[in-house]
Amino acid sequence: MSASINGAAQILRPPADGMPYLRHDRAAELSAEPGSVSTAGDDIAAFEAAADAEIQIDARGCAVIPGFVDCHTHLPFAGWREREYELKIAGASYERIAREGGGIRASARSLAATGDEQVLSQARALALEMLAHGTTTVEAKSGYGLSAEQEIRSVRLAAELSARIAQPLSSTALLAHAVPDGYDTDGWMGAVESMLPAVLAAGRVTALDIYVESVAFANRHLERMGELAAGHGLDLRAHVEQFSCQHSVPVALAAGARSVDHLACLAESDLPALASAETAAVLLPGAEFMGAERVAPARALADAGGICVLGSDLNPGTSPVLSMPLVIGLAVRRYGWSVTEALLAGTLNAAWVLRRSQRTGSLEVGKRADVLVLDAPIGHIPYRLGHNPVGLVFVGGRLAHVRPDCAWRVAR
Ligand SMILES: [Zn+2]
């Protein structure tokens, strides 16, 4: 298939081709100039119109940007936890919610009680909704298993989901998420080590993840997870500094983590080392907003040249949010970022976290044609908060989504 996207008001492009990521103190070097883009097969072919392309797109007034890479989601999960959100809004503590059977354990019970087909159909519906909001690459974490059997199943379900959706999917094994009943933290880490070969055999896992928090795992477990990841040739990722400061960032950096995620409670003293490391700072403003958490020091991280990234943290507890345009809107408002900074964080730098930035995350000749045609210039993304600006979505050169009111733009 070939397509020609003609006469756009803005085409978002990086300052040079072949960059694995762009540090955030250089985000202003992205350009958004008028132009056209053509695709051939899976890839971007040229930054000019192609009169002989099979699909002609009228992009007048539109921004053309790379598809979003959502590098932090907890798909697949079973059901939702809206009752818990009501309790939280009314002021119930984390402890009370846990006592009343809520939290990660509630999602684990629900996953265990739900059949494969039902789990997959919920996850597939969410992936479709993500596609309509411009997400063309998805990450999926296990972590609602809380037993070897269910963690293995989660990784297998992620692989099955991957075969049923339009987007490429990266699978992460979040094997230390909460401490299962009958274990202490050290005991569960021993179980993680034992289950790892079977977990890895169940799917195509590329990273291990851990939740470090006063109510979950500690820095010594993060170190151990780093050793397990290195021993199996996997990336290390970590949920850190979400509700309290544990000074986990230096530990994660020493372990060679690919990313540290959340960071709402990042210590000022730990910021410079993170900003200069080749470790991404994955910020999750949807979770911060829904949980009335502290706001991550994203402005300072960007100014200091960090590899900043945005994700949805889509999960049934702390962030039932999947819209990257909404996440970008929150980041611009709450972090004091420019829209270009937020777009960089949701595209090229997010692709780097998943080791996919060679093929996707920016508009370059020869890269995958994961391309969005928005219904307005990029400034509308944060400004019209809650509006979905995504009109057309190409995934690997295939026109995978057309918003009905934008169908007039497409001529075949
Ligand atoms: Zn998460």
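The values are calculated or read from the model by the stated rules, or taken from the named source; none is laboratory data. Since we're looking at a predicted model, the values are computed, not measured. Here the Cβ is made from the backbone with ideal geometry for all residues, glycine too, and neighbour counts use every protein chain on show.
For segment 338-360, which positions are part of a loop (DSSP other than H, G, I, E, B) and in contact with an Asp or Glu (Cβ under 8 Å, 6 or more places away or on another chain)?
Matches in segment 338-360: L354, R355, T360.
Does segment 224-234 include one or more residues that are closer than 20 Å to G143 by Cβ, at pLDDT 95 or above and within 12 Å of the ligand (Cβ to nearest atom)?
No, segment 224-234 contains no residue that is closer than 20 Å to G143 by Cβ, at pLDDT 95 or above and within 12 Å of the ligand (Cβ to nearest atom).
Checking G91 against (1) assigned by TED's automatic domain parsing to the domain that holds L146; (2) surrounded by 15 or more Cβ atoms within 10 Å (Cβ to Cβ), only one condition comes out false. Which one?
(2)
Anything in segment 169-219 that is of a type in the set (D, E, K, R) and either under 17 Å from S259 (Cβ atoms) or assigned to a loop (DSSP other than H, G, I, E, B) (or both)? List them, or say none.
Initial filter on segment 169-219 (of a type in the set (D, E, K, R)): 181, 184, 186, 193, 204, 209, 213.
Across segment 169-219, the qualifying residues are D181, D184, R204, D209, E213.
Please note which helices (runs of 4 or more DSSP H) are completely contained in segment 248-325 and include at least 2 residues that are surrounded by 24 or more Cβ atoms within 10 Å (Cβ to Cβ) and within 12 Å of the ligand (Cβ to nearest atom). It would help to see each step written out before you state the result.
Details: elements: 249-254, 271-276, 285-290, 298-303.
In segment 248-325, 285-290 are the helices (runs of 4 or more DSSP H) which contain 2 or more residues that are surrounded by 24 or more Cβ atoms within 10 Å (Cβ to Cβ) and within 12 Å of the ligand (Cβ to nearest atom).
What number of residues within segment 60-84 are within 16 Å of the ligand (Cβ to nearest atom) and surrounded by 24 or more Cβ atoms within 10 Å (Cβ to Cβ)?
So the count comes out to 9.
Across segment 303-344, which residue is farthest from the chain's Cα centre (by Cα) among those that are over 16 Å from P382 (Cβ atoms) and among the small types (G, A, S)?
So in segment 303-344, the residues over 16 Å from P382 (Cβ atoms) come out as 303-307, 309, 311, 313-320, 322.
Those left that are additionally among the small types (G, A, S): 304-306, 311, 317, 319.
Numbers: A304: 22, G305: 20, G306: 17, G311: 4, G317: 16, S319: 12 Å.
In this case the residue turns out to be A304.
What residue, among those in segment 102-145 that are in a loop (DSSP other than H, G, I, E, B) and modelled with pLDDT under 95, is nearest to the ligand (Cβ to nearest atom)? Let's see the steps before the verdict.
Going through segment 102-145, the residues in a loop (DSSP other than H, G, I, E, B) turn out to be 102-103, 114-115, 133-134, 142-145.
Retained after the next criterion (residues that are modelled with pLDDT under 95): 102-103.
Values: G102: 17, G103: 13 Å.
So the residue we want is G103.
Can you find, within segment 190-216, the residue that is modelled with the lowest pLDDT among those that are over 14 Å from A173 (Cβ atoms) and within 16 Å of the ligand (Cβ to nearest atom)?
Filtering first and then ranking leaves V215.
For every residue, the table says whether it meets (1) crowded, with 20+ Cβ neighbours inside 10 Å; (2) without any contact (Cβ under 8 Å) to a residue 24 or more places away in the chain.
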position	(1), (2)
V205	yes, no
D209	yes, no
E223	no, no
G231	no, yes
H239	yes, no
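Is at least one residue of segment 39-53 in a strand (DSSP E or B) and within 25 Å of the chain's Cα centre (by Cα)?
Yes, segment 39-53 contains at least one residue that is in a strand (DSSP E or B) and within 25 Å of the chain's Cα centre (by Cα).
Please find, within segment 83-111, the residue that is farthest from Y144 (Cα to Cα) out of those that are free of Cβ contacts under 8 Å to residues at least 40 places away in the same chain and charged (D, E, K, R).
E86
Let me confirm something: among A292, A376, A300, A369, which residue is free of Cβ contacts under 8 Å to residues at least 24 places away in the same chain and over 18 Å from the mean Cα position of the chain (by Cα)?
Sole residue among the options that is free of Cβ contacts under 8 Å to residues at least 24 places away in the same chain and over 18 Å from the mean Cα position of the chain (by Cα): A292.
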